[in-house]
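The values are calculated or read from the model by the stated rules, or taken from the named source; none is laboratory data. Source: prediction; values computed, not measured. Positions of Cβ are generated from backbone atoms using ideal geometry, with glycine treated the same way; all protein chains shown enter the neighbour counts.
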Amino acid sequence: MAKCRVLIVEDEEILRAGLSMFLKKNGFEVFEARDEEGALANLKGEKFNLIITDLFLAGGNGFGIMKYLQDYCQEAKCIVITGHASLDSAIGALRKGAFDYLLKPFGFDELKTAIDRALQKQSEEKLIKKLDYNKIAKGYGLTKKETEIIKIIVSEGSSNADISESLGISRNTVKVHLRNIFKKMDVESKTAMTTLLISGGLE
């Protein structure tokens, strides 16, 4: 099984080395960059599962890296680390696609938890892309509209209001469809429904 590949982007050499050592000990294949230019060079030449980047670098910043990930590496997950925290920077990073945001100094346990969550999310997204909605509809006796609703929920995590707007139906109608879906699939929530599907509920 191929190792999970991680790119560390950090201009503080001691921290970068410490992160690299920790990740290698935990079985990751690690690449390093000290600035935005180096990070982009790595991203253009290699494929990564995870990017851990400082938000404010001596050369460039994490926002440029996140923009590149959004445009060209959407499957990769990004964890932002920074010692210059502010609400605006946190919101900005998350809006740019960061999966998580850690404040320096942080512990390795905190980092490992964030990494595990990011990779779990990445794994779930890969499984979601492989779902056969025709098979799901046939297996659970779903109508076309019910199948459309499931696809929107699983792919986008949409609220009832979003589903209503997307399909051009009332929120009450969405609720009726969801009750029918939950009954047919023997689940009680959207989360349980999604978990059932990505765990191979029809197998």
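Please find, within the range 56-105, the residue that is farthest from Leu15 (Cα to Cα) out of those that are among the aromatic types (Phe, Trp, Tyr) and part of a helix (DSSP H, G or I). Across the range 56-105, the extreme among qualifying residues is Tyr72. For beta carbons closer than 8 Å, sequence separation of 6+ or different chains, a first residue in the range 71-95 that is β-branched (Val, Ile, Thr) and a second that is modelled with pLDDT under 85 and surrounded by fewer than 20 Cβ atoms within 10 Å (Cβ to Cβ), the qualifying pairs are Thr82/Ser89. Taken as a whole, the structure places Lys24 among residues that are in contact with a strand residue (DSSP E or B) (Cβ under 6 Å, 6 or more places away or on another chain) and without any contact (Cβ under 8 Å) to a residue 12 or more places away in the chain.
Every listed requirement among (1) part of a strand (DSSP E or B); (2) free of Cβ contacts under 8 Å to residues at least 60 places away in the same chain is met by Ser123 save one, (1). The residues listed here are Ser164, Ser155; of these, the one that is outside the structural domain of Ile52 (by TED's automatic domain parsing), surrounded by 13 or more Cβ atoms within 10 Å (Cβ to Cβ) and in contact (Cβ under 8 Å) with a residue 24 or more places away in the chain is Ser155.
Here Leu102 fulfils each of the conditions (1) surrounded by 13 or more Cβ atoms within 10 Å (Cβ to Cβ); (2) modelled with pLDDT of 95 or more; (3) under 30 Å from Leu19 (Cα atoms) apart from (2).
Scoring Arg95 on the criteria (1) within 13 Å of the chain's Cα centre (by Cα); (2) at pLDDT 90 or above; (3) surrounded by fewer than 18 Cβ atoms within 10 Å (Cβ to Cβ) leaves a single failure, condition (2).
Residues of the range 21-46 that are surrounded by 18 or more Cβ atoms within 10 Å (Cβ to Cβ) and small (Gly, Ala, Ser): Ala33, Gly38, Ala39. The set of residues in the range 29-50 that are touching a Lys or Arg at 6+ places or on another chain (Cβ under 9 Å) and not polar (S, T, N, Q) comprises Glu29, Val30, Phe31, Glu32, Ala33, Arg34, Glu46, Lys47, Phe48, Leu50.
For the range 174-190, the criterion of a residue being under 19 Å from the mean Cα position of the chain (by Cα) and free of Cβ contacts under 8 Å to residues at least 40 places away in the same chain is satisfied by at least one position. Lys77 meets each of the listed conditions (1) buried (at least 17 other Cβ atoms within 10 Å of the Cβ); (2) farther than 20 Å from Gln120 by Cβ; (3) of a type in the set (Lys, Arg) apart from (2). Restricting attention to the range 170-203, and to residues there that are in contact with a helix residue (DSSP H, G or I) (Cβ under 8 Å, 6 or more places away or on another chain) and β-branched (Val, Ile, Thr), which single residue is surrounded by the most Cβ atoms within 10 Å (Cβ to Cβ)? Among those residues, the one meeting the criterion is Val174.
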